[in-house]
1. Looking at (1) in a loop (DSSP other than H, G, I, E, B); (2) at pLDDT 90 or above; (3) closer than 30 Å to Ala36 by Cβ, can you tell me which one Phe214 breaks?
2. Identify, by number, the condition in (1) open to solvent by 20 Å² or more (accessible area, probe 1.4 Å); (2) β-branched (Val, Ile, Thr); (3) over 30 Å from Arg37 (Cβ atoms); (4) at pLDDT 90 or above that Thr265 doesn't meet.
3. Val93 passes all but one of (1) out of contact with any Asp or Glu (no Cβ under 9 Å at 6 or more places or on another chain); (2) modelled with pLDDT of 95 or more; which number fails?
4. Hey, can you tell me all the residues within the range 235-246 that are open to solvent by 20 Å² or more (accessible area, probe 1.4 Å), under 19 Å from Gly89 (Cα atoms) and at pLDDT 95 or above?
5. Based on what the data block shows, is Val227 in contact with a Pro (Cβ under 6 Å, 6 or more places away or on another chain), not in a loop (DSSP other than H, G, I, E, B) and not small (Gly, Ala, Ser)?
6. What's the number of the only condition in (1) within 23 Å of Asp205 (Cα to Cα); (2) at pLDDT 85 or above; (3) in a helix (DSSP H, G or I) that Ser80 fails to meet?
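The values are calculated or read from the model by the stated rules, or taken from the named source; none is laboratory data. Everything quoted here is computed from the prediction, not taken from an experiment. With ideal geometry, Cβ positions are generated from the backbone for all residues, glycine too; neighbour counts draw on all protein chains shown. Accessible surface areas use protein heavy atoms only, side chains included; no ligands, DNA or RNA. Shrake-Rupley method; radii C 1.70, N 1.55, O 1.52, S 1.80 Å.
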Amino acid sequence: MTTREHPWLPKASCDASCVHSADPGPRALVGIRTAARIAAAIVLLPGMPLLAVPLPGRSHVQRMYCRLLLRCLGVRIRLSGGPIRNLRGVLVVSGHVSWLDIFAIGAVLPGSFVARADLVEWPALGRVARLMKVIPIDRASLRRLPAVVDTVAERLRTGHTVVAFPEGTTWCGLAHGPFRPAMFQAAVDAARPVQPLRLTYRHRDGRPSTTPAFVGQDTLLRSVRRVVTARRTVCHVHVGALQLPGADRRALAARCEAEVRDEQTPGAARSHALAA
């Protein structure tokens, strides 16, 4: 979601008309299910700052915590694709649909996130974002972008995993935007690989779901409400082929986007992919 208009600023064509929720079931059952999920999430949320404590095996703790929090919200994770390599200093990229993406990726490949600058001002989540060393990006200020890229590159050089959403804004999950190449410059500068992930949300019967979408003038409260009242949401996380950075950020962005969209760029997408 974006707040100010600039010609270069990523803007999704998705709006409230893209978002549809399945029948949640009988009202009494929905009420009980929603209350139970909210209560479980409230119990779990205070433990989130512990994810920032540098303990041995923190990545494992982060994965388990994110999976547990998603389960409390009625969301399940399904993992497919290539192996997850235990590498240091990897840029993780995916399409962007929802605030749930952060926890879905955290359940698979936890790391520091490049996130909208105003996230640090959100109630409760802002404090957690600061503790988790979120890298803020003000998409309304082009002149600050090089500094963000430099910060990401430095994190990668020091062996940290960084997660970015190259579309630059959220889409409904059925439509998507192009990958902007700017953030890929960090991987090129740091000479570190990129791990593409494909996230797709589905109802429990397998149909594509836009219930978690956070688009247009939607509010976080409305989006959370749709998720916790749904029968079940399944997030399919497909691990694409790990990509070597090369020297051209645009080519790297195209290869990663092809992996995320399950497409192939002619003669390029696999040529720089690491063997499984």
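1. Answer for Phe214: the failing condition is (2).
2. It is condition (4) that Thr265 fails.
3. The single condition Val93 does not satisfy is (1).
4. We begin by selecting, within the range 235-246, every residue open to solvent by 20 Å² or more (accessible area, probe 1.4 Å); these are 236, 238, 244, 246.
Then keep just the ones that are under 19 Å from Gly89 (Cα atoms); that gives 244, 246.
Scanning the range 235-246 gives a single hit, Leu244.
5. Details: in contact with a Pro (Cβ under 6 Å, 6 or more places away or on another chain): yes; not in a loop (DSSP other than H, G, I, E, B): yes; not small (Gly, Ala, Ser): yes.
So Val227 passes the test.
6. The single condition Ser80 does not satisfy is (3).
Rundown of residues vs (1) within 26 Å of Asp218 (Cα to Cα); (2) touching a residue at least 24 places away in the same chain (Cβ under 8 Å); (3) touching a helix residue (DSSP H, G or I) at 6+ places or on another chain (Cβ under 7 Å); (4) in a helix (DSSP H, G or I), yes/no style:
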position: His160; (1), (2), (3), (4): no, yes, no, no
position: Ala187; (1), (2), (3), (4): no, yes, yes, yes
position: Gln195; (1), (2), (3), (4): no, yes, no, no
position: Thr200; (1), (2), (3), (4): yes, yes, no, no
position: Asp205; (1), (2), (3), (4): yes, no, no, no
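Per-residue answers, yes or no, for (1) at pLDDT 75 or above; (2) surrounded by 11 or more Cβ atoms within 10 Å (Cβ to Cβ):
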site	(1), (2)
His6	no, yes
Ala16	yes, yes
Asp23	yes, no
Leu29	yes, yes
Thr34	yes, yes
Ala39	yes, yes
Leu51	no, yes
Val61	yes, yes
